[in-house]
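Before I ask anything, let me first share the structure, which is written out below as structure tokens.
Laboratory data are not the source of any read-out in this text; all were calculated from the coordinates shown. Just so it is clear, the structure is predicted and the values come from calculations on it, not from any experiment. Neighbour counts run over all protein chains shown; Cβ positions are idealised from the backbone, glycine included.
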Amino acid sequence: MKALWGSFMETIGQNILQVKSNMEKALERAGRRQDSAVLIAVSKTKPISMLMEAYGQGIRDFGENRVQELVEKYEQLPKDIRWHMIGHLQRNKVKDLVGKTVLIHSVDSYRLAGEISKEAVRKDTDVDILIEVNVAQEESKFGVCVEEACALVEAVAALPKVHIKGLMTIAPNTKIPEENRKYFRRLRQLSVDIARKNIDNVSMYVLSMGMTNDYTVALEEGAGYVRVGTGIFGTRSQHDR
Ligand SMILES: *Cc1c(COP(=O)(O)O)cnc(C)c1O
């Protein structure tokens with residue numbers, strides 16, 4: 001047992017070093033500053049002990065895709081952690097979440113944004129969000145389509161206490177990361193197009209894109225946040241998460 005424990009601790013540490021080194025090289029290839037991208041450790045389904053190991057290695061940004069799990073971990077872990085909600089969010093869960101995240105990546109409807117706004121006003125807190133775009137038009141994925149993204153941004157921008165900081169996408173699951181480059185490029189182009197409109201209360205500074213299989217390609221295409229789960233914590237038991 002002790003040996004096993006020791007080995008996963010070593011592995012998480014080594015994985016983080018490896019991911020960071022890959023990130024550095026990708027940023028360099030792209031001619032980007034080293035501080036222009038942040039690694040989010042996606043810790044869904046993983047126990048507190050593993051998150052603490054990553055914390056010990058300097059990780060402060062963690063991503064979760066379920067409200068209840070995020071809230072439980074939020075309550076148990078150090079308060080300097082920046083929690084990212086990256087999964088599909090139901091309106092009836094919004095009240096539990098607001099006030100606990102640094103960023104909600106997965107806003108894809110006006111109704112959801114409205115609920116977040118209502119709760120933010122009630123708690124007198126500001127909530128930063130990203131608009132999730134289904135760039136690859138996969139049936140199975142959430143997110144607004146590219147054509148409707150700008151209209152959604154304009155509508156959400158008028159809501160009190162929510163602030164759009166950029167866009168997020170989940171690219172298709174592929175073994176060949178290069179195949180996803182076009183989707184990352186498309187999201188970046190969309191963010192440039194929206195930024196040109198100079199909409200009040202909207203910044204297009206952040207692109208959240210890239211996961212274990214394709215984060216280096218995403219960084220070459222301008223990702224500000226990469227969301228890496230398996231590459232840090234190992235495989236998950238549930239296929240759907
Ligand atoms: C699970 C998840 C990730 C991390 O996926 P890995 O392939 O394990 O790196 C990233 N983003 C979202 C939205 C996720 O749900």
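Looking at segment 155-163, is at least one residue over 18 Å from the mean Cα position of the chain (by Cα), surrounded by 13 or more Cβ atoms within 10 Å (Cβ to Cβ) and not aliphatic (A, V, I, L, M)?
yes
Can you name the residue in segment 173-197 that is within 16 Å of the ligand (Cβ to nearest atom) and among the β-branched types (Val, Ile, Thr) and is also nearest to the chain's Cα centre (by Cα) among such residues?
Thr174
Are any residues in segment 207-234 more than 8 Å from the ligand (Cβ to nearest atom) and without any contact (Cβ under 8 Å) to a residue 40 or more places away in the chain, and if so, which ones?
Gly210
Same structure, new question: Filter segment 115-154 down to the residues that are of a type in the set (S, T, N, Q) and under 17 Å from the mean Cα position of the chain (by Cα) and list them by number.
Listed by number, the list holds a single entry, Asn134.
Same structure, new question: Regarding Gly166, is this residue buried (at least 20 other Cβ atoms within 10 Å of the Cβ) and more than 12 Å from the ligand (Cβ to nearest atom)?
yes
One line per residue, one yes/no per condition, for (1) without any contact (Cβ under 8 Å) to a residue 60 or more places away in the chain; (2) within 16 Å of the ligand (Cβ to nearest atom):
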site: Leu39; (1), (2): no, yes
site: Leu51; (1), (2): yes, yes
site: Gln57; (1), (2): yes, no
site: Asn65; (1), (2): no, yes
site: Glu69; (1), (2): yes, yes
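Only one of (1) crowded, with 17+ Cβ neighbours inside 10 Å; (2) without any contact (Cβ under 8 Å) to a residue 40 or more places away in the chain; (3) over 28 Å from Tyr55 (Cα atoms) is not met by Val133, so which one is it?
(2)
Just checking: which of the helices (runs of 4 or more DSSP H) contained wholly in segment 66-145 hold 2 or more residues that are among the small types (Gly, Ala, Ser) and over 20 Å from Gly210 (Cβ atoms)?
110-123
Tell me yes or no: at least one residue of segment 215-231 is over 17 Å from the mean Cα position of the chain (by Cα), assigned to a loop (DSSP other than H, G, I, E, B) and of a type outside the set (S, T, N, Q).
no
So for segment 198-206 (the condition being within 16 Å of the ligand (Cβ to nearest atom) and under 17 Å from the mean Cα position of the chain (by Cα)), does at least one residue qualify?
Yes; the residues of segment 198-206 include at least one that is within 16 Å of the ligand (Cβ to nearest atom) and under 17 Å from the mean Cα position of the chain (by Cα).
Mind checking which residues of segment 180-212 are in a loop (DSSP other than H, G, I, E, B) and buried (at least 19 other Cβ atoms within 10 Å of the Cβ)?
Residues satisfying the conditions are Met209, Gly210, Met211.
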